[in-house]
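To keep things clear, I will list the structure first and then write my remarks on it.
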Amino acid sequence: MDLAKHWRQRAARYRLEGQRNPTSGAVRFPPEPGETDWQPFALSGQGTVYSFTVVRQPPAGLAEEAPYILAMVKLAEGPMITAQLTDCDPEQITIDLPVEMVTRRLRDLGPDGLLVYGYKFRPQIS
Amino acid sequence: MQPVYIIGSGQTAVAEHWDRTAGSLAAEALQAALGPIAKHRIQALYVANALGSALHVQSQLGAAIASATGLHGAEAVAFDAAGASGGVVLRQAYLAVASGVYDLVAVVGVEKVTDVLDARLEDGLALASDADWEAVHGSTLTAQWAMLMRRYMHQYGYDAIDFAPFPVNAHANGAANPKALYRFPITAEKVRSAGAIADPLSLLDSATVADGAAVVLVASAGIAHELGSPLVRIAGSAVATDALALHGRPDPLWLGAAARSAAGALGSAGLSTGDVQVLELTDPHGIAATLALEACGFAERGVGVQLAREGAITLTGATPLATGGGCKARGDTVGANGVFQLVELTRQLRGEAGKAQVNGARVALAQCLGGIGATAATHVLVAE
């Protein structure tokens with residue numbers, strides 16, 4: 001079930017909350033626990049596509065989603081993250097395309113498990 | 001530090017061994033490696049395996065493989081560093097012998113992947129990536145190499161077809177290896193026209209995961225000289241790591257751990273890339289070989305793919321690569337890959353590689369990567 005883990009990651013998954021170092025101004029995502037000199041910092045959710053692919057051989061649990069678009073997104077604040085692109089076709093995607101975060105279901109861990117929600121990205125419309 | 005030698009090597013065929021267990025594969029490879037050496041002289045057994053815990057729900061593979069190979073009671077332990085396991089284990093054996101604690105250590109790489117369905121295997125392979133920030137999003141290693149390939153093409157101005165000489169070379173060499181999974185040549189045109197497995201990666205630019213076991217025996221000078229066979233010395237050894245998540249690296253196209261471990265291994269051997277006459281890399285896709293060639297210093301950044309286009313990676317080129325077929329044609333045995341690499345390079349340095357022999361090969365380099373290079377192990381072997 002991994003209940004505690006998904007609960008622990010909720011701020012990062014649901015609202016893209018990373019951390020900012022007040023001294024240096026550096027921003028990091030994902031947040032790392034246990035250090036006091038970094039403060040919670042919600043990222044804007046804006047970014048650009050660093051690269052992308054279409055996954056046709058999915059891992060267990062994602063068979064119904066495939067094919068899906070996977071991307072590395074360079075966030076406006078600096079960090080890069082891995083996420084799916086949604087609400088679009090692969091033909092619409094190019095490297096450097098502006099994208100924005102949306103919240104979607106990531107995983108259905110079965111009848112006894114969780115529905116895991118989190119960030120995906122779509123071509124910028126706002 | 002005592003000098004350390006590889007005094008024996010053996011391998012099973014890489015195949016879909018439906019009727020075999022990991023233990024029986026390991027036993028076959030060990031028997032082939034032992035030759036005239038009495039089994040009871042092995043003082044420790046180090047096992048390289050990446051997927052046993054995930055696919056077979058079985059830990060303690062050290063004990064399991066010791067029993068299966070008839071080494072009941074011996075010191076035995078398994079190491080997991082995903083695709084880097086083989087090299088990481090060789091380093092442990094190297095340290096044990098170099099320190100003088102042991103005179104003979106068996107390094108066993110074994111992987112049994114065909115007992116589960118494809119989706120579960122993809123899941124197992126994805127364990128090499130960051131579970132919380134990559135795998136949960138449906139990321140797979142194949143998808144990550146594909147993203148690096150697209151970025152590389154974008155950044156340096158190449159087409160997908162430019163990478164085709166890597167699988168073409170691997171298959172040309174694999175055709176001469178009786179232990180290879182695929183023993184037939186392919187053409188660049190076939191690579192181009194095959195479907196995409198993860199765009200822009202062609203199905204024929206993607207290794208197939210299969211079962212197999214490989215063994216090398218690592219020994220002190222005393223035992224090595226006792227045998228009187230051609231000597232292969234481990235002249236350099238280094239392991240390095242990088243951020244687990246690919247997106248967590250300053251420049252994802254730069255395999256930092258590969259670079260550091262290659263520099264460390266070559267440095268400790270007192271050699272440079274120009275001295276290396278034959279090499280094995282983690283090359284499930286042309287992009288993987290390209291980035292490793294650049295990280296190791298065989299090519300400047302952005303031109304690694306040209307080594308393949310110009311024929312430098314062929315048997316008669318300056319940097320012969322994948323002489324046993326590499327991950328693509330020999331078959332991808334994940335945690336055992338690093339040991340299969342050593343078996344191939346030992347054959348090369350002993351002049352036993354037959355049709356795939358690189359003439360006069362005296363210095364070889366083996367590098368294996370865990371995942372997209374979060375762990376990298378590099379060894380330099382020298383014929384004495």
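Of all residue pairs spaced 6 or more apart or on separate chains, those with beta-carbon atoms under 9 Å, a first member in region B:244-269 that is away from chain A (no Cβ under 14 Å) and a second member that is of a type in the set (Val, Ile, Thr) and in a helix (DSSP H, G or I) are B:262/B:273; B:266/B:273. What residue, among those in region B:203-213 that are assigned to a helix (DSSP H, G or I) and farther than 17 Å from residue B:282 by Cβ, is nearest to the other protein chains (Cβ to nearest Cβ)? Across region B:203-213, the extreme among qualifying residues is B:203.
Yes or no, residue by residue, for (1) buried (at least 24 other Cβ atoms within 10 Å of the Cβ); (2) over 16 Å from residue B:345 (Cβ atoms); (3) aromatic (Phe, Trp, Tyr); (4) over 18 Å from the mean Cα position of the chain (by Cα):
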{"position": "B:204", "(1), (2), (3), (4)": "no, yes, no, yes"}
{"position": "B:208", "(1), (2), (3), (4)": "no, yes, no, no"}
{"position": "B:215", "(1), (2), (3), (4)": "yes, no, no, no"}
{"position": "B:220", "(1), (2), (3), (4)": "no, yes, no, yes"}
{"position": "B:225", "(1), (2), (3), (4)": "no, yes, no, yes"}
{"position": "B:229", "(1), (2), (3), (4)": "no, no, no, yes"}
{"position": "B:244", "(1), (2), (3), (4)": "no, yes, no, yes"}
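For residue B:199, the criteria (1) buried (at least 20 other Cβ atoms within 10 Å of the Cβ); (2) more than 14 Å from chain A (Cβ to nearest Cβ); (3) more than 24 Å from the chain's Cα centre (by Cα); (4) not aromatic (Phe, Trp, Tyr) hold in every case but one, which is (2).
From the list B:233, B:260, the one residue that fits, being surrounded by 18 or more Cβ atoms within 10 Å (Cβ to Cβ) and assigned to a helix (DSSP H, G or I), is B:260. Of all residues in region B:185-202, those satisfying the criterion of being in contact (Cβ under 8 Å) with a residue 12 or more places away in the chain, assigned to a loop (DSSP other than H, G, I, E, B) and not acidic (Asp, Glu) are B:185, B:186, B:187, B:200.
Against the condition facing another protein chain (nearest Cβ under 9 Å) and crowded, with 24+ Cβ neighbours inside 10 Å, how does residue B:146 come out, does it pass? So residue B:146 fits the description; yes. Please verify whether region B:179-189 includes one or more residues that are farther than 30 Å from residue B:343 by Cα, within 14 Å of chain A (Cβ to nearest Cβ) and of a type outside the set (A, V, I, L, M). Within region B:179-189, none of the residues are farther than 30 Å from residue B:343 by Cα, within 14 Å of chain A (Cβ to nearest Cβ) and of a type outside the set (A, V, I, L, M).
Return the only residue of B:329, B:265, B:269 being buried (at least 24 other Cβ atoms within 10 Å of the Cβ), under 29 Å from residue B:79 (Cβ atoms) and in contact with a strand residue (DSSP E or B) (Cβ under 9 Å, 6 or more places away or on another chain).
Within the list B:329, B:265, B:269, the selection yields B:265.
Number of residues in region A:52-106 that are in contact (Cβ under 8 Å) with a residue 40 or more places away in the chain, more than 8 Å from every other protein chain (Cβ to nearest Cβ) and touching a helix residue (DSSP H, G or I) at 6+ places or on another chain (Cβ under 6 Å) equals 0. For region A:1-49, the set of residues classified as closer than 22 Å to residue B:249 by Cα, modelled with pLDDT under 90 and of a type in the set (Gly, Ala, Ser) consists of A:34 only. The number of residues in region B:309-362 being part of a helix (DSSP H, G or I), touching an Asp or Glu at 6+ places or on another chain (Cβ under 8 Å) and more than 18 Å from residue B:87 (Cα to Cα) comes to 2. Looking at the structure I just gave you, is residue B:192 charged (D, E, K, R), away from chain A (no Cβ under 14 Å) and either in contact with a helix residue (DSSP H, G or I) (Cβ under 6 Å, 6 or more places away or on another chain) or at positive phi (or both)? Answer is yes for this residue.
State whether one or more residues within region B:254-266 are under 30 Å from residue B:2 (Cα atoms), hydroxyl-bearing (Ser, Thr, Tyr) and not assigned by TED's automatic domain parsing to the domain that holds residue B:65. Reasoning before the result, please.
Step one: of region B:254-266, the residues under 30 Å from residue B:2 (Cα atoms) are B:256-266.
Next cut, hydroxyl-bearing (Ser, Thr, Tyr) only: B:261.
Filter again for not assigned by TED's automatic domain parsing to the domain that holds residue B:65, leaving B:261.
For region B:254-266, residues under 30 Å from residue B:2 (Cα atoms), hydroxyl-bearing (Ser, Thr, Tyr) and not assigned by TED's automatic domain parsing to the domain that holds residue B:65: present.
Quick one: in region B:148-158, of everything that is in contact (Cβ under 8 Å) with a residue 60 or more places away in the chain and assigned to a helix (DSSP H, G or I), which residue is farthest from residue A:67 (Cα to Cα)? Filtering first and then ranking leaves B:156. Among residues of region B:72-119 being surrounded by 22 or more Cβ atoms within 10 Å (Cβ to Cβ) and in a loop (DSSP other than H, G, I, E, B), the one that is farthest from the other protein chains (Cβ to nearest Cβ) is B:84.
A quick yes/no check of all residues on (1) in contact with an Asp or Glu (Cβ under 6 Å, 6 or more places away or on another chain); (2) of a type outside the set (Gly, Ala, Ser); (3) within 25 Å of residue B:143 (Cβ to Cβ):
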{"site": "A:19", "(1), (2), (3)": "no, yes, no"}
{"site": "A:26", "(1), (2), (3)": "no, no, no"}
{"site": "A:48", "(1), (2), (3)": "yes, yes, yes"}
{"site": "A:68", "(1), (2), (3)": "no, yes, yes"}
{"site": "A:71", "(1), (2), (3)": "no, no, yes"}
{"site": "A:85", "(1), (2), (3)": "no, yes, yes"}
{"site": "A:111", "(1), (2), (3)": "no, yes, no"}
{"site": "A:115", "(1), (2), (3)": "yes, yes, yes"}
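The values are calculated or read from the model by the stated rules, or taken from the named source; none is laboratory data. Source: prediction; values computed, not measured. Positions of Cβ are backbone-derived with ideal geometry, glycine not excepted, and every protein chain shown enters the neighbour counts.
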